[in-house]
Amino acid sequence: MLLSGCVGFGEEYTRVEGFSNRDVGAIVLKGTTLNPRLGNPPHRVYETPMGMLNAIGLQNPGVDHVVRRILPQLDFTETRFIANACGSTIEEYVEVTRRFDDSRIDAIEINISCPNVKEGGVAFGNYPDMSARVVEACRKVTRKPLITKLSPNQTDIRENARRCIEAGSDALAVINTIMGMAIDVRTRRPIIGNIQGGLSGPAIKPIALLKVHQVYEVAGPARIPIIGQGGITSAQDAIEFMIAGATAVGVGTALFYDPLVCTRINAGIRAYLKEHGLRQVKDLVGALRTGKDTQDVPLAG
Ligand SMILES: Cc1cc2nc3c(=O)[nH]c(=O)nc-3n(C[C@H](O)[C@H](O)[C@H](O)COP(=O)(O)O)c2cc1C
């Protein structure tokens, strides 16, 4: 899947030679609020070792514009399109979800984990009670598949996942960006206009992998799929996430320097399956071997 905020509203990469929406399982559109938002003051992005900080601040044209003007332009035969619903209040999340429910969108991801807005976002996602209240309220207004995007910026992601599942979430996206900052030593000012930003890219992969492993402890038995994400740039990364418990994987930051990365990842996964005599990726999901007896024993291939 292509991740929210990294592909605009599904049209951006179609201009790149060799790129096709058909090469990915789904595209998550940019975070959408009830009213249009201009986003945060610059700088909004900053490159860090093995990653990037961003604080876009949910710039978007508002849900009406997305539903009426943008969705009709998308070719739903190419792939699945998923909305990313955001809000400052529970009522706003509900209203955005309701509008998307009455549209062609294939699924709705509730973004309770955006670290870059003053109200809403992680203010909901960092507290299991608040997360569950948002999910429960959105669940009441849609029958479309509901994905909850969890925040890594919290003490126990398992408890949050459990509460979101109980509240009616059909799937979990793990993880959103991790809060960070950068300082210009010349001016002694924060580089990011919003002071803090969300860290993404390979720098966060080990953290994301652990969070997927932890969420799988509750989501696995409940048969709730996880969309693993955070720093995936290669087939090996994607496979690691699946072994940790992800049913699907998402790519965001890697697209900025290699828009065709998904074709490479898909080919690499196919090669791994063949090499290991596996018929489907499903056989990899949660296939982590943690018993002492299995240590250092290589598998087939
Ligand atoms: C520039 C940028 C904008 C983003 N905007 C959103 C957003 O609007 N909604 C959201 O849920 N996640 C947003 N994210 C988070 C990504 O969807 C993704 O969860 C995160 O970057 C981790 O994946 P990655 O390391 O492959 O980028 C954004 C990330 C970046 C880099």
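Calculated [222 nm] ellipticity per residue, helices only, for the chain: -8000 deg cm²/dmol; basis is -39500 (n - 2.57) per DSSP H run with n ≥ 4, divided by all residues, nearest 500. In this structure the chain gives 48 Å² per residue of accessible area when probed at 1.4 Å with all protein chains present. Here the simple spin-label model places points 7 Å from the Cα toward Cβ, and for Arg158 and Tyr127 these points are separated by 2.3 nm. The C-alpha atoms of the chain define a longest principal axis, and helix 205-219 lies at about 80 degrees to it.
Relative contact order of region 71-215, taken over Cα pairs closer than 8 Å and 6 or more residues apart, is 19 percent. Counted over the chain, the DSSP beta bridges are approximately 40% antiparallel.
Any chance you could give the angle, 0 to 90 degrees and rounded to 10, that helix 128-139 forms with the longest Cα principal axis of the chain? It is inclined by approximately 80 degrees. Ranking Thr290, Val261, Pro152 by how far each Cα lies toward the positive end of the dipole of the chain (charges on Cβ) leaves Pro152 at the top. One compactness figure for region 39-191 is 1.11, namely its Cα radius of gyration divided by 2.2 N^0.38 Å. Bridging of Lys282 to lysines at a Cα separation below 17 Å is possible for Lys274, once same-chain residues fewer than 8 apart are set aside. If you sort Leu172, Leu209 by accessible surface, 1.4 Å probe, largest first, the order is Leu209, Leu172. Rounded to 0.05, the FRET efficiency of the Gln236 and Gln59 pair, given R0 = 35 Å and the Cβ-Cβ distance, is 0.55. The share of accessible area on region 175-240 that comes from carbon and sulfur is 56 percent, using a 1.4 angstrom probe. The alpha-carbon of Lys140 sits under 21 angstrom from the alpha-carbons of these lysines, leaving out residues fewer than 8 places away in its chain: Lys149.
Roughly what % antiparallel, to the nearest 5, for the DSSP beta bridges in region 162-301?
55 percent
Among the protein heavy atoms of region 1-90, carbon and sulfur supply 51% of the accessible surface, probe 1.4 Å, non-protein parts ignored. Its convex hull of Cα atoms gives the chain a direction-averaged projected area, equal to a quarter of the hull surface, of 16.3 nm². Within region 24-109, antiparallel bridges make up roughly 40 percent of the DSSP beta bridges whose residues both belong there.
The values are calculated or read from the model by the stated rules, or taken from the named source; none is laboratory data. Worth saying up front: this structure is predicted, and the values here are computed from it rather than measured. Because the Cβ atoms are built from the backbone with ideal geometry, glycine has one as well, and the counts that use them run over all protein chains shown. Surface areas here come from the heavy atoms of the whole protein model, side chains and all, with no ligands, DNA or RNA. Shrake-Rupley method; radii C 1.70, N 1.55, O 1.52, S 1.80 Å.
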